[in-house]
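Encoded as structure tokens, the structure appears first; notes follow it.
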Amino acid sequence: MRVPRMITAAVAGVALLAPAAACSSDEPAAPAGNAQGSGAEPSATPTPEPEPTHPFTGMPGAARRPVVAVKIENTGAGKPQLGLKSADVVYVEQVEAGLTRLMAIFSSKLPAKVGPVRSARISDLHIVPQFGRPAFAYSGAQTKMLPFIAEAPLFDVSDSRQPGAYFRQPGRFAPYNLFAETRRLLAGAPKASKAKDIGFTFGDAPEGGVPRKTYTVRYPAARFGFVWSQAAEKWLIWQDGKKNMAAEGGQLGAPTIVVQYTRTERSQFHDKNQSYTPLVHTTGKGRAVVLRDGRAFKARWSRPSEKQGTVFTTEAGDPMNFAPGQVWVVLASAKPVIP
């Protein structure tokens, strides 16, 4: 506390002034700290600078490392997935036949291995530009899409471009056994962009929100359930009625789940079964539901261009802060309903 120091200084000042008054009749005593005094007044303690936080997670850490985006299988045949626990951001995208696939963004933490790595989709190319020019890991793509990948702002570290970074995991069957070593992926993209602001804000939750223990997002052929765990302080993830487990152990989950409702339409691409590839529009504006701290918040999202990040706000226009930690962005096409 500073009070005792101030009292001590005052007492010392009185002690100094007493002899001065005894030796002089009319001359006022010089106050302590002026040109005739013994020193300046003690300065105020400077306010410490807040510790830098990571733009993807809001967690402490000033380091800005390169960004790696990895396409990961998300059906039962490819589970449990490896490396997702270390991702900063995980995007859930709709693909053919109403199924989903993940794109995991790594920067602040880099797992040794990640997978199963699967093929790219056109929606990926509309998401990655906000990260600058990241390393993009995938395994194959439709032939008609290859020119689009070549023109996209990314470093192609697919299994055809960087084969030494990939391996087949024993005990799994193709095509769900292809995994990648992340450091070798980055070795193939030495100039990959480092993490920067992508529009996310972190901090205390805004006022309002609706208490929720569960929240469900449905796709034509997939269903996600997010269940709040007070003990774990995160939303545990279920898919198609089963716990979404990690190969490292434990159930996948995140402190913040963002359900971003977007316009989804048929693209020019399709798979070998003639199922069309959805194109998820992640630029523009729309509605969202943000799950954090056991509550659901109605929100708005805005992304003016592909090179810019996505800003989330409350319905009143204030920043929609996320809870620090991993963020899952679930790109859905249905309208949000909060009772």
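The values are calculated or read from the model by the stated rules, or taken from the named source; none is laboratory data. Computed from a prediction, not measured in an experiment: that's the story for all the values here. Positions of Cβ are generated from backbone atoms using ideal geometry, with glycine treated the same way; all protein chains shown enter the neighbour counts.
Below, the figures for the structure above:
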item: Options LEU279, LEU252: the member that is at pLDDT 95 or above and touching a helix residue (DSSP H, G or I) at 6+ places or on another chain (Cβ under 7 Å); result: LEU252
item: Residue that is surrounded by the fewest Cβ atoms within 10 Å (Cβ to Cβ), among those in the stretch 126-183 that are among the polar types (S, T, N, Q) and over 25 Å from ARG263 (Cβ atoms); result: THR143
item: Residues of the stretch 87-107 satisfying the condition of being within 21 Å of GLY249 (Cβ to Cβ) and in a loop (DSSP other than H, G, I, E, B); result: ALA87, ASP88
item: Count of residues meeting criterion [closer than 21 Å to ARG266 by Cβ and in a loop (DSSP other than H, G, I, E, B)] in the stretch 141-174; result: 3
item: Residue count, the stretch 126-164 (criterion: free of Cβ contacts under 8 Å to residues at least 60 places away in the same chain and within 18 Å of the chain's Cα centre (by Cα)); result: 1
item: Breaking point among (1) within 15 Å of LEU84 (Cβ to Cβ); (2) in a strand (DSSP E or B); (3) more than 20 Å from the chain's Cα centre (by Cα); (4) not charged (D, E, K, R), for PHE269; result: (1)
item: One residue from TYR215, TYR219 being farther than 30 Å from ALA135 by Cβ and buried (at least 19 other Cβ atoms within 10 Å of the Cβ); result: TYR215
item: Residues within the stretch 230-264 that are of a type outside the set (A, V, I, L, M) and part of a loop (DSSP other than H, G, I, E, B), tallied; result: 10
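Residues are listed down the side, and each one gets a yes or a no for (1) surrounded by 18 or more Cβ atoms within 10 Å (Cβ to Cβ); (2) aromatic (Phe, Trp, Tyr); (3) under 14 Å from GLY199 (Cβ atoms):
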{"position": "ARG295", "(1), (2), (3)": "no, no, no"}
{"position": "ALA299", "(1), (2), (3)": "yes, no, yes"}
{"position": "SER305", "(1), (2), (3)": "no, no, yes"}
{"position": "THR310", "(1), (2), (3)": "yes, no, yes"}
{"position": "THR314", "(1), (2), (3)": "yes, no, no"}
{"position": "MET320", "(1), (2), (3)": "yes, no, yes"}
{"position": "GLN326", "(1), (2), (3)": "yes, no, no"}
{"position": "ALA332", "(1), (2), (3)": "yes, no, no"}
